[in-house]
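Have a look at the structure below before the remarks.
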Amino acid sequence: MDRLRLTFISDTLEHCPYESLKGSAVSWLKEELITAHTRGSENAFASTVALAAAQPYLFPDTSPLADASDDELLQEMEQSFPFHMAVVNFLYFIGGKTYSHLVPAGMLGVVEEIYLGPLRLAQEKGLEILNPSPESLAHVGGSKMDLQLLGDRIAMCSRQIEEKWLTIYIWYPRNVCSICCLS
């Protein structure tokens, strides 16, 4: 039954055209992880299986945002805001001590490289686009505040990932750590 729920969540993340529903799927995944932990279950949500299965859809490659025109970037960031906020908050959640054992080895490094890093650059570019004139702010509505909030959350997650890498780097000798790429 847990595999069916995981498949439903992954399919929603992969195929759903509605960003807010994809954000809900992120919440469903979080709830499944919490339930498995609270009940002491031994299922896909109590191991690295769930995050490994959902990773490509949960943390999509955001590097194409770098090639978007200014209008395309602002439109994409505005439309995908609910999903990205859900994902960034989820990333912070799984990076905490209680659930970090569910994160597959090396996943945080990959997430930083293909999802969080390019998303941060897109968010910063979006703010730059919105800063020059009041007209651009009126065009996008509340997007500037959304982008600022997203930037704060991205920075919070990046700090958490950097702290984990630093901890791993301190505890493991150079060139031995297979968890990250600091060696």
Inset, instruction - For THR38, indicate whether it is free of Cβ contacts under 8 Å to residues at least 40 places away in the same chain and surrounded by 13 or more Cβ atoms within 10 Å (Cβ to Cβ). - result: no
Legend entry - Count of residues meeting criterion [closer than 30 Å to GLY95 by Cα and either in contact with an Asp or Glu (Cβ under 9 Å, 6 or more places away or on another chain) or modelled with pLDDT of 90 or more (or both)] in the range 109-141: 19
Legend entry - Residue match in the range 85-101 (condition: under 30 Å from THR38 (Cβ atoms), at pLDDT 95 or above and in contact with a Gly (Cβ under 6 Å, 6 or more places away or on another chain)): yes
Legend entry - Sole exception among (1) farther than 30 Å from LEU130 by Cα; (2) under 15 Å from the mean Cα position of the chain (by Cα) for ILE34, by number: (2)
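The values are calculated or read from the model by the stated rules, or taken from the named source; none is laboratory data. Everything quoted here is computed from the prediction, not taken from an experiment. When we count neighbours, we look across all protein chains shown, and the Cβ atoms used for this are built from the backbone with ideal geometry, even at glycine.
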